[in-house]
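These notes concern the structure reproduced below.
The values are calculated or read from the model by the stated rules, or taken from the named source; none is laboratory data. Quick caveat, the model's predicted, so the values are computed rather than measured. All Cβ positions, glycine included, derive from the backbone under ideal geometry; neighbour counts span all protein chains shown. For the accessible areas, the whole protein counts, side chains as well, though only heavy atoms, and no ligand, DNA or RNA atoms are used. Shrake-Rupley method; radii C 1.70, N 1.55, O 1.52, S 1.80 Å.
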Amino acid sequence: MSTLERCGFDRPRLRFALQTAIVAFIAIVIAQALGLEHPQWSAMTVWATAQPMREHLLEKGLWRLLGTVSGIIVGVALMYASQWHPLVLVLGLALWVGVCSGIGMLQRGMVAYGTILAGYSAAMVALLSTAHPERVLLLGLDRFLTIAVGVVLAMVLCYYFTPKRPHTLLQQLRTSSADCIHTLLQHATPTDIPTQAHTSHLLQKIALLDEGLDMHAIGSLQARQRVQQARQVLLAQLNLSLFLQQYLVLDLNPDLQAALRALLPALQEDKAAIPVLNHLDGKTLSTEQQSLLSLLNALLNALHSFAHGREQREVSHHHHPHPVRLHRNWLGALHTFVRSFSVLSVVGLLWLYTGWGFMPFMLLGLSVMLSIFASFENPAWFMRFVTWGQAMGACAALVCMWLAWPLAHSSWQMVWWMLPFMASCVLMYAYKRTMLASFDYIMVMLILLQPSFPVHISFAQSVGNALSVVMGPAIALLAYRFIFPAHPAKRLQHLLTMVRYETRRLCVPAAANSDLLAKRNRLIHSLLRAQRLNDKHAQSNPVLADEILNHLGKIELIVCLQQSLQDDTALSSSTRRLMRALLQSWQGTANKPARTMRVMQVLQQRFAEQHPLHVLLGMVNKSA
């Protein structure tokens with residue numbers, strides 16, 4: 001262990017912070033040389049754009065530029081509209097930030113970042129122009145140019161010392177597929193461990209892998225296509241988990257068991273995996289074993305398509321798996337909009353009523369806090385570190401402004417006096433005890449340090465501005481705690497509520513098959529998110545994995561019932577009436593479990609033992 005590590009510093013973060021701080025200072029120098037009014041915004045952009053992986057750096061820089069342009073346009077429009085009445089600025093800004101933060105909750109990756117940035121960029125342009133509204137166009141242009149300088153420098157200079165994303169996804173998918181095969185063998189040869197625990201553990205692994213896929217989709221269209229293929233692999237693995245939930249003990253013939261054991265090493269050599277199952281004679285397999293063989297082939301084909309995506313698409317262009325539609329948190333988006341709009345409106349109206357000069361800075365800080373951190377799993381908990389970081393950043397800015405800058409005799413000397421304070425950012429960012437608060441320390445210190453000679457505000461005004469900025473996360477903490485509280489347990493509760501609602505919608509009769517499969521896949525992804533939320537929660541529910549697998553069985557039964565009603569012309573009219581009655585009982589909110597169980601029991605007797613509907617009805621009836 002090195003001396004730095006013994007002192008509590010993280011070496012990779014220290015290297016990254018040092019490189020970023022150098023580029024950030026170069027950005028200030030260039031922006032100052034160009035005569036821009038707020039050169040420190042360029043340094044803020046470098047820190048905000050810098051990423052530990054090259055693909056993320058490029059995409060975040062692009063969306064930061066696009067989000068800034070959108071926000072500038074809206075901010076300038078709001079300032080011109082406020083000349084008619086100041087209330088337009090307050091309510092318009094609250095509405096815009098609320099809409100952007102709500103939409104950002106529905107999006108993923110850097111697209112969500114660009115949308116959220118458009119919200120508080122408008123706040124920055126509009127609120128910093130309130131003292132001189134006639135200069136709003138110049139401020140908007142200054143904001144765009146400083147952001148452009150920071151983005152270009154970050155993308156050009158940081159690009160060369162930022163490593164590429166490691167290509168580990170294929171190996172992770174192969175390992176998780178091998179886990180599925182191993183679990184199948186465990187079900188075929190049960191031990192003292194309950195076989196239900198095998199499938200629950202497998203579900204947790206799939207949920208963990210699914211959570212990391214969004215980061216692999218950043219950087220290019222090809223990366224997004226690769227992630228779509230990866231989700232097909234996870235869907236195939238989940239179908240195997242559901243199969244294991246239906247058949248807790250598998251009766252496999254010796255040939256199939258030997259093929260499964262041969263698959264484990266063959267999965268590491270992708271081209272050798274598919275032929276392992278080709279020699280099996282389907283005629284000698286039972287219906288249960290044929291279903292398993294079909295699921296295994298689907299998994300191997302999905303894995304092969306991911307490993308050889310381009311050539312596989314050319315060879316098998318006729319096969320187009322149904323895309324996995326991802327979960328969208330509509331309830332969280334609504335809560336985020338209401339929270340952002342209501343808090344910003346109340347604070348904005350208080351500003352109009354009192355006329356306090358420091359309120360624009362408070363509104364600016366609030367607009368950032370209420371939009372960026374809304375998607376965090378526990379924003380109220382994280383606000384403590386944000387408040388701490390911003391308080392330290394405000395103190396550092398005051399020290400620079402009133403102890404270092406009085407020694408300067410020009411704006412260029414003020415820029416050079418900022419250098420030691422920017423060096424402190426490196427230490428804050430790399431020190432393990434301050435790393436969670438370091439980013440806000442950097443941002444607040446820079447936003448308060450405008451190197452304009454001579455200093456044009458008094459000491460009292462600077463203290464008031466610093467306090468108002470720090471008040472932003474403090475008020476946001478109260479908002480996250482009392483207005484639609486956002487924490488892992490509450491998010492899990494909301495997610496399961498949406499799953500139950502979407503499951504009822506899945507029972508609507510005469511749904512198109514493509515729409516049916518799309519809803520099924522989205523529900524599956526929502527349940528994976530629920531499992532991952534539960535696993536990360538300190539007070540997790542140990543039986544939730546079993547409940548999720550049972551609910552997946554119910555979803556699969558609903559889809560099979562809907563497809564049978566549409567496609568199976570051999571069904572009798574009485575069987576159809578029973579199937580519709582079962583779907584109707586699940587479609588409503590009234591809970592009549594005794595009646596539903598009787599319908600499932602009668603319906604189960606209408607199908608042969610090896611029929612998929614017979615197995616699914618038995619599994620769902622047992623779990624009910």
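Can you work out the PRE-style zone for Val338? Point 7 Å along Cα to Cβ, and I want the residues of region 567-597 with backbone N under 19 Å. So the set is empty, nothing qualifies.
Compared with the direct C-alpha span, the chain from Val463 to Ser411 gains 16.6 nm at full extension, assuming 0.36 nm per residue. Each helix, a run of at least 4 DSSP H residues, gives -39500 (n - 2.57); summed and divided by the residues of the chain, these come to -25000 deg cm²/dmol at 222 nm. The residues of region 54-211 expose, per residue, 41 Å² of accessible area to a 1.4 Å probe. A simple spin-label model places pseudo-atoms 7 Å from Cα toward Cβ; at Gln493 and Ala608 they are separated by 4.9 nm.
For Leu66 and Thr284, the FRET efficiency from 1/(1 + (r/R0)^6), where r spans their Cβ atoms and R0 equals 41 Å, is about 0.10.
By a 1.4 Å probe calculation restricted to protein chains, Leu89 has an accessible surface near 10 Å², given to the nearest 10.
When the charge dipole of the chain is built from unit charges on Cβ atoms (+1 for Lys and Arg, -1 for Asp and Glu) and taken about the Cα centre, the candidate among Leu277, Ser305, Phe385 whose Cα reaches farthest toward its positive end is Phe385.
Computed from phi, the 3J(HN,Hα) profile of region 62-71 under the Karplus parametrisation 6.51, -1.76, 1.60 (θ = phi - 60°) reads 5, 6, 5, 5, 5, x, 5, 4, 4, x Hz, with x in place of Gly and Pro. Every Cα-Cα pair in the chain was counted, and those over 36 Å apart are 48% of them. Counting only lysines at least 8 places from Lys622 when in the same chain, those with an alpha carbon closer than 17 Å to its own are Lys554, Lys592.
The charge dipole of region 103-200, taken about its Cα centre with unit charges on the Cβ of Lys, Arg, Asp and Glu (plus for the first two, minus for the last two), comes to roughly 240 debye.
Normalised by the number of residues in the chain, the average gap of Cα pairs under 8 Å and 6 or more apart makes the relative contact order 18 percent. Working note: Karplus 6.51/-1.76/1.60 with θ = phi - 60° gives region 490-495 the couplings 5, 5, 5, 4, 5, 5 Hz, where Gly and Pro are set to x.
Globularity index of region 11-94 is 1.43 (Cα radius of gyration / 2.2 N^0.38 Å, N = number of residues). Treating r as the C-beta distance of Val508 and Ile483 and R0 as 51 Å, the FRET efficiency rounds to 0.90. Each residue, Thr175 and Leu95, gets one label point 7 Å from its Cα in the Cβ direction; the gap between the two is 5.1 nm. Shape annotation for region 384-457: C-alpha extents along the principal axes are 37, 21, 15 Å, from largest to smallest.
At the listed q of 0.14, 0.21 Å⁻¹, the Debye profile of region 530-623, built from one uniform point per Cα, gives log10 I(q)/I(0) equal to -0.57, -1.04. For region 438-479, the normalised intensity computed at q = 0.16, 0.25, 0.27, 0.32 Å⁻¹ comes to -0.49, -0.95, -1.02, -1.13 (log10 of I(q)/I(0), Debye sum over alpha carbons, equal scatterers, no solvent). The separation of region 346-373 from region 210-250, counted between C-alpha centres, amounts to 43 Å. Here the spin labels are modelled as points 7 Å beyond Cα on the Cα-Cβ line, and at Ala423 and Trp402 they lie 2.5 nm apart. The angle separating the long axis of helix 169-188 from the principal Cα axis of greatest extent in the chain is about 30 degrees.
The phi-based Karplus calculation (6.51 cos²θ - 1.76 cosθ + 1.60; θ = phi - 60°) puts the 3J(HN,Hα) values of region 115-130 at 5, 5, 4, 4, x, 7, 5, 4, 5, 5, 5, 6, 6, 7, 9, 5 Hz, whole numbers, x for Gly and Pro.
Summary of the geometry: region 530-606 and region 108-153, compared by the centres of their Cα atoms, lie 50 Å apart. With a Förster radius of 45 Å applied to the C-beta separation of Tyr353 and Asp515, the computed FRET efficiency comes to 0.30.
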